[in-house]
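In what follows, a structure is listed as structure tokens, so that the remarks can point back to it.
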Amino acid sequence: MSTASVPLPNWITYVLIPLVNLILAFVVSGFVVWLIGENPIDALVLLAQGALGNGEGIGFTLYYATSFIFTGLSVAVAVHAGLFNIGSEGQAYLGGLGCALVALALDHYVPWYVTMPFAIVGAAIFGAAWAFIPAWLQAKRGSHIVITTIMFNFIGAPVMVYLLAHILIVPGKMAPETRTFLAGGQLPKLDWLMTMFDTTIGSAPLNVSFLIALVMAFLVWLLIWRTKLGYEMRTLGLSPTAAVYAGIPYARTVIIAMLISGGLAGMMALNPVMGASARLQVEFVGGAGYVGIAVALMGRNHPFGIILAAILFGVLYQGGDAVSFDMPEINRNMILMIQGLVILFVGALEFMLRPTFVRIYQSFARARPAS
């Protein structure tokens, strides 16, 4: 029997194997750091201190993680339906337009907690709308979802640049961005959250969208594992032929899954647009849509795993800045290399050690009755 088909306890599959793979990734990264003449232990300490050593570092770490939770959930929802949505980057970009239009329209008249639900809906609608055409082409014409979604990333970028440079730009300004939102269009910082732990977030832009991301993770869990639609999506993802034979409508399920996926990606814009900069700017997504692919892969497409993976990438982003500041030899490209190794070992090579764990587990299982 192939080791791939041997069942293992969840604590081995979802905890132990990813943890060992993560340790291997850091060991290989440490070896590379040593090769360039730096101490890998010192680099690891700086990484941890920069990301988790004080309230401000934790604030920045969770700020980055917030964006990755949204995009990771976006990718995971599509994967459960057997779709590989590469378009979270573009869908998040258009989602920024949706929440920005709401903020610009309401910030003069209502407080932020009234604007926020409308902004969530606006961001989700614009993100879902940008995912609709690739979804329809996949469902009705058989076009490959990977090709269409990644092309829509490239279409969305110039569309947003045109809107910001010619329509939404503040008259008389050179920067292609909207005006700064008033208090009614800004998501407040989570200062009180850090105050509970006797610290402050300082200049970190951690804001209410972090809590929204956690709520969305819970709702995605409910959707995938506690609803009829979620069951249909998972069935379609496991076997489209069996799903259609069982009466599950293929086209409808594909389109709904992609709309939900695009909506989640669009909500990522709440974090940088209404939370950090309080205005819509060019390239505010900053690659978070592509990082979401790695986050979903590392989190095994489960909301709880996605939260942990997003925090890990938040640590790498924030801690990497601290390392590159104190160790100039370890520049931003080195940090990207470490991120790539983490993705490689924990994601792409997730089953590299599985045969070994299967043999060890089977040996213990055989020895237990004998003892």
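The values are calculated or read from the model by the stated rules, or taken from the named source; none is laboratory data. The structure displayed is predicted, hence computed values, not measured ones. Note that each Cβ is placed from the backbone with ideal geometry, even for glycine, and that neighbours are counted across all protein chains shown. Side chains included, ligands, DNA and RNA excluded: accessible areas come from the protein's heavy atoms. Shrake-Rupley method; radii C 1.70, N 1.55, O 1.52, S 1.80 Å.
Which far-off residues, 5 or more places away or on another chain, put their amide H under 5 Å from the one on Asn207, with H placed in the peptide plane?
Amide H neighbours of Asn207, under 5 Å, 5+ apart: Leu190.
Any number yet on Rg/Rh for the chain, C-alpha, Kirkwood?
Values: Rg = 21.9 Å, Rh = 21.8 Å.
Taking Rh as the inverse mean 1/r over Cα pairs, Rg/Rh reads 1.00.
What number do you get for the range 189-327 when its Cα radius of gyration is normalised by 2.2 N^0.38 Å, N = residues? All intermediate terms of the calculation are to be shown ahead of the outcome.
Working: Rg = 18.3 Å, N = 139, 2.2 N^0.38 = 14.3 Å.
Output field value: 1.28.
What net charge is computed for the residues neighbouring Val291, neighbours being all others with C-beta under 15 Å from the C-beta of Val291, Lys and Arg scored +1, Asp and Glu -1?
With Lys, Arg at +1 and Asp, Glu at -1, the net is -1.
Given R₀ = 25 Å, what would the calculated FRET efficiency be for Ile23 paired with Phe364, taking r from the Cβ atoms and rounding to 0.05?
Values: r = 21 Å, r/R0 = 0.85.
FRET efficiency, Ile23 to Phe364: 0.75.
Leaving out ligands, DNA and RNA, and with a 1.4 Å probe, what % of the accessible surface on the chain is carbon or sulfur?
Details: 12080 of 17130 Å².
Solvent-exposed carbon and sulfur of the chain make up 70 percent of the total.
Using a Gaussian network model of the chain whose springs link C-alpha atoms within less than 10 Å, name the residue from Gly30, Gly59, Gly262 with the highest mean-square fluctuation.
Gly30
Using a 10 Å cut-off on Cβ atoms, rank the peptides 351-364, 302-315, 178-191 from the highest mean neighbour count down. Can you show the working numbers first?
Values: 351-364: 13.8, 302-315: 22.9, 178-191: 19.6.
My ranking of the peptides, most packed first, is 302-315, 178-191, 351-364.
Per residue of the range 23-29, in order, report the coupling 6.51 cos²θ - 1.76 cosθ + 1.60 (Karplus, θ = phi - 60°) as ³J(HN,Hα) in whole Hz, putting x for Gly and Pro.
Result, ordered by residue: 4, 4, 4, 6, 5, 5, 4 Hz.
What order, most packed first, do the peptides 116-123, 291-298 have when packing is the mean number of other Cβ atoms within 10 Å of each residue? Provide the component values of the computation, followed by the final result.
On the way: 116-123: 22.5, 291-298: 26.9.
My ranking of the peptides, most packed first, is 291-298, 116-123.
Residues in the range 73-102 near a label at Ser143, defined as backbone nitrogen under 18 Å from the 7 Å Cα→Cβ point?
Taking a point 7 Å out along Cα→Cβ of Ser143, the residues of the range 73-102 whose backbone N falls under 18 Å are 83-92, 94.
On alpha carbon coordinates alone, what is the Rg over Rh value for the range 125-273, Rh being the Kirkwood radius?
The Rg/Rh ratio comes out at 1.08.
HN-Hα J couplings of the range 133-140 from phi, Karplus 6.51/-1.76/1.60, θ = phi - 60°, integer Hz, Gly and Pro as x?
5, x, 5, 5, 4, 5, 6, 9
Using the per-residue mean of other Cβ atoms lying within 10 Å as a proxy for protection, in what order, highest first, do the peptides 164-172, 209-217 fall?
Packing order, densest peptide first, comes out as 209-217, 164-172.
Viscosity 0.890 mPa s, temperature 25 °C: give me the Stokes-Einstein translational D for the range 250-371 in µm²/s, with Rh taken as the Kirkwood radius over C-alpha pairs.
Roughly 138 µm²/s, to the nearest whole number.
Identify the residues of the range 76-116 with backbone N under 17 Å of a label point that sits 7 angstrom from the Cα of Ala175 along the Cα-to-Cβ direction, or state none.
100, 104, by backbone N distance to the label point.
Give, in nm to one decimal, the length gained when the segment between Ile133 and Val32 is fully stretched (0.36 nm per residue of separation minus the Cα-Cα distance). Write out the running numbers ahead of the final one.
Numbers: separation 101, 0.36 × 101 = 36.36 nm, distance 4.38 nm.
Once the chain is fully extended between Ile133 and Val32, it gains 32.0 nm.
Using the eigenvalues of the Cα gyration tensor, what equivalent ellipsoid semi-axes result for the range 141-220 when each is taken as the square root of five times the eigenvalue, whole Å, largest first?
Calculated on Cα positions only, the semi-axes equal 33, 25, 10 Å.
Using a 10 angstrom cutoff on alpha carbons, build the Gaussian network for the chain and name the most mobile of Met327, Met151, Met196.
Fluctuation is largest for Met196.
Kirkwood Rh over alpha-carbon pairs of the range 1-123, then Stokes-Einstein at 25 °C and 0.890 mPa s: what D in µm² s⁻¹, rounded to an integer?
Numbers: Rh = 19.0 Å.
So the translational diffusion coefficient is about 129 µm²/s.
Give me, ordered by chain and number, the residues 5 or more places off Asn85 or on other chains with an amide H under 5 Å from its own placed amide H.
Val79
Which value in deg cm²/dmol, rounded to the nearest 500, describes the helix-derived mean residue ellipticity at 222 nm for the chain, given -39,500 (n - 2.57) per DSSP H run of n ≥ 4 and division by the residue count? Can you show the working numbers first?
Numbers: 15 runs with 241 residues, N = 371.
Roughly -21500 deg cm²/dmol at 222 nm, from the helical runs in the chain.
Return the tail of the calculated pair distribution for the range 60-218, meaning the percent of Cα-Cα pairs more than 28 Å apart.
Working: 3681 of 12561 pairs.
Across the range 60-218, Cα pairs with separations above 28 Å total 29 percent.
Given a 1.4 Å probe, how much area per residue of the chain is accessible, in Å²?
46 Å²
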